[in-house]
């Protein structure tokens, strides 16, 4: 008799594990669908931002008699502010002007004393 009860218990455990795995699979599929939807929204927003930037550049270029070379030169200058020509302007570790402690570039204010370190409107979190 003990063998039969043990077999029934094992079958029950396997059944419960199978149901849990099935729920996990359903949850993972749902999360994947949500992530894909969020990516589509981000891609649409990026495409719109690029179009707006292009339109703004053309207005500025035409109004101020600039050239595309002027834009490329400025892009190079901005890109090199962090010392690397990589298409990014990443801030490096910043020293607080008030307490002189080092802070991560993720923080716009000192995590030790609260002093504002970066007032740039172009920072990305």
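The values are calculated or read from the model by the stated rules, or taken from the named source; none is laboratory data. The structure presented is a predicted model; accordingly, all values stated were derived computationally and were not measured. Cβ placement follows ideal geometry from the backbone for every residue including glycine, while neighbour counts extend to all protein chains displayed.
The numbered conditions (1) surrounded by 10 or more Cβ atoms within 10 Å (Cβ to Cβ); (2) part of a helix (DSSP H, G or I) are all true for residue 66 except (2). Residue 112 fulfils the conditions (1) over 20 Å from the mean Cα position of the chain (by Cα); (2) surrounded by 10 or more Cβ atoms within 10 Å (Cβ to Cβ); (3) more than 17 Å from residue 122 (Cβ to Cβ); (4) at pLDDT 95 or above except for a single criterion, (4).
Please verify whether residue 45 is within 25 Å of the chain's Cα centre (by Cα) and at pLDDT below 90, treating the condition exactly as stated. Judged against the criteria, residue 45 is not a match.
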